[in-house]
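Note sheet for the following structure.
The values are calculated or read from the model by the stated rules, or taken from the named source; none is laboratory data. None of these values were measured; they are calculated from a predicted model. So basically every Cβ, Gly included, is an ideal-geometry build from the backbone, and we count neighbours across all protein chains shown.
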Amino acid sequence: MLEIKNLCVSIEDKQILKGMNLKINDGEVHALMGPNGSGKSTLSYVLSGKEGYEIVSGSIHYNGRDLLNLDVDERANEGIFLAFQYPMEIPGVQTSFFLKTAINAKRKYQGLDEIDALEFAKLIKSKAGDLDISPEMLKRDLNVNYSGGEKKKQEILQMSLLDPSMAILDETDSGLDIDALRIVSEGVNKLRTPNNAFLVITHYQRLLNYIKPDFVHIIADGKIVKSGDFSLALELEEKGYDEISKSA
């Protein structure tokens, strides 16, 4: 599904990614772990198409297409989804209106009619209920005056409604208490199928206790220095980044 080869990326003349290689197949969940400044969020922004990043060298292919030739809208409509570490607040835009607009934008791209109002109401009620999101919250402005946990639930709700094939979770566990972490993780696990894939970016092993990855990768100084199964996350928790990076 996604293949990254020798990716080197700079921002403001500072090189962040220095030869990133990663391959994710259908049905797989990959965890990317690393210290601050190692390039985790840079990778997520490059995959989603955020401006300001210079691709120095390398390639990214997604479902056989050159991802770097697609703009942000095309990537989203082709099934790339990024759950932000710090979701944006949008005053004046009701959450349910935003979600319906996002669904219809994707349906238009696919050549489908807009979703029926009754169908949308049933769909959002079901999906929101899975995440313990109240109907009252859906009437509020998007992410305005939400707690950290509420914002992350909204991100997972968006993901469940848009049903992406490649979901990137950028430190989704940041700012979550244990109850919110469990709810968000259960929401993600319900979306796992043989036809989609996840890249879970995190500092800590605790998220991976809930979202069990097939593969774990350690990133340091802009490239992956070690890969393994879930046991690598446990080893990282015990030894820390420095020791594992030096051994690699």
Here the qualifying pairs (Cβ atoms under 8 Å; residues six or more apart or on different chains; first in the range 173-188 and within 13 Å of residue 147 (Cβ to Cβ) and of a type in the set (Ser, Thr, Tyr); second modelled with pLDDT under 75 and assigned to a helix (DSSP H, G or I)) come out as none
With respect to residue 99, determine if the residue is assigned to a loop (DSSP other than H, G, I, E, B), of a type in the set (A, V, I, L, M, F, W, C) and either in contact (Cβ under 8 Å) with a residue 60 or more places away in the chain or within 20 Å of residue 75 (Cα to Cα) (or both).
no
Out of everything in the range 150-173 that is acidic (Asp, Glu) and not in a helix (DSSP H, G or I), what residue ends up being nearest to residue 80 (Cα to Cα)?
163
Which residues, taken from the range 20-36, are loosely packed, with under 15 Cβ neighbours inside 10 Å and either under 14 Å from the mean Cα position of the chain (by Cα) or modelled with pLDDT under 90 (or both)?
36
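This table checks each residue for (1) assigned to a strand (DSSP E or B); (2) touching a helix residue (DSSP H, G or I) at 6+ places or on another chain (Cβ under 8 Å); (3) β-branched (Val, Ile, Thr).
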| site | (1), (2), (3) |
| --- | --- |
| 198 | yes, yes, no |
| 201 | yes, yes, yes |
| 207 | no, yes, no |
| 216 | yes, yes, yes |
Could you figure out which of (1) more than 16 Å from residue 208 (Cα to Cα); (2) out of contact with any Asp or Glu (no Cβ under 6 Å at 6 or more places or on another chain); (3) in contact (Cβ under 8 Å) with a residue 12 or more places away in the chain isn't true of residue 135?
(3)
Set 185, 247, 147, 231: member being surrounded by 15 or more Cβ atoms within 10 Å (Cβ to Cβ) and modelled with pLDDT under 90
185
